1. Roughly how many nanometres apart are two label points built 7 Å out from the Cα toward the Cβ at GLN126 and ALA45?
2. Divide by every residue of the chain the summed helix terms, -39500 (n - 2.57) for each DSSP H run of at least 4, and state the resulting mean residue ellipticity at 222 nm, rounded to the nearest 500 deg cm²/dmol.
3. At a 10 angstrom cut-off on C-beta neighbours, averaged per residue, how do the peptides 33-42, 214-223, 136-145 rank from highest to lowest?
4. Using 1/(1 + (r/R0)^6) with R0 = 22 angstrom and r between the beta carbons of ASP258 and GLU228, what's the FRET efficiency to the nearest 0.05?
5. If you bin the C-alpha pair distances of region 48-140 every 5 Å from 0, what whole percents do you get?
6. Could you work out how much longer the chain between GLN210 and ASP67 gets when fully extended? Use 0.36 nm per residue separation minus the Cα distance between them, nm to one decimal.
7. How much length is gained on full extension from ALA174 to VAL146, taking 0.36 nm per residue of separation minus their Cα-Cα distance?
8. How much net charge surrounds PRO283 when only other residues with a Cβ under 13 Å from its Cβ are counted (Lys, Arg +1; Asp, Glu -1)?
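None of the figures in this text is laboratory data; all of them are computed from the coordinates on show. These figures come from a predicted structure and were not determined experimentally. So basically every Cβ, Gly included, is an ideal-geometry build from the backbone, and we count neighbours across all protein chains shown.
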Amino acid sequence: MGSHGRRSFDVGTMRCSALLDGYSSYEPEAVFADPAEERWRPLIADRLDADGGLPLPLQPVLIRGADLVVLVDAGAGQELAADWDEPVGTMLDELGSEGVAAEDVKLVVITHAHPDHVGGLLERVQGVNRPVFSGARHLLARTEWVYWHSDDLSGPSAEMGPFVRSHLDDLEQAGVLELLDGDEEVAPGIHAFATPGHTPGHTSVLVSSQDETMLIAGDAILTEWSFEHPDLFGPGEVDPGTTVATRRALVERSADEDWLVSAYHVPQVGRARRSGGGFTFTPEI
């Protein structure tokens, strides 16, 4: 599977770190919904583990600037690490290795509420779930909140629903959750904007400083193969058509504007490049 640990780099005056929360092994059919396996099976052949699973990293991003400590997503957390019996939930150790304590984080942006993104936001203290980042504002799109609290969940979303709702409700009851309406500059140089499809309220983040920009795509760009094959989507996408349209737009804009790109399940940070009539991904970090 390979491993990389955290990766730190500068975006202008912002110090960014892609934090490794560990690897989770997915059945390939849980990542690629296309029934024509010949389209995607060759792409992943050299990445499969001994059991035929596809190990993908979980990768929150830490952003530090002047008087600014921001976290985008929070990993799976210890509860899911135990439930899944997989090597995930290491994000807090990675944070500590960067010299950052949980209480230092002042803002958390949640790209979407899938368990592997929100599990690390809570910890069990004397039988009660408490926010790990108790001094931080937690931002989530209102559309995402409404979706997970609706009666319309089906398929993978229905299975995730109880876990997701309980975590969002615990954050809300702790008084740390704020809901975003539309696109917003959530801190100086940090802009959250809607990238729907994977979930209805999926949000991505742009970090901009001194004419340099990084896109934190969450799961809007799902794997490194999403650049060259943006039409390959997973069975967990709430709206596959919107997912593909959102992804194409993100990849095109990131290539044309020369953005660094970090996506949650892509092992490297790099750039999209135009290639022929399509795009490729060039790892840099």
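1. Reported label-point gap for GLN126 and ALA45 is 5.8 nm.
2. Working: 7 runs with 66 residues, N = 285.
Mean residue ellipticity at 222 nm (helix-derived): -6500 deg cm²/dmol.
3. Details: 33-42: 11.8, 214-223: 27.1, 136-145: 21.3.
Highest to lowest by the protection proxy: 214-223, 136-145, 33-42.
4. On the way: r = 18 Å, r/R0 = 0.82.
My answer for the efficiency is 0.75.
5. 3, 13, 24, 25, 17, 9, 5, 3, 1, 0
6. 49.8 nm
7. Numbers: separation 28, 0.36 × 28 = 10.08 nm, distance 1.84 nm.
Roughly 8.2 nm would be gained on extension.
8. Working: positive: ARG7, ARG271, ARG273; negative: GLU224, GLU284.
Summing Lys/Arg as +1 and Asp/Glu as -1 gives +1.
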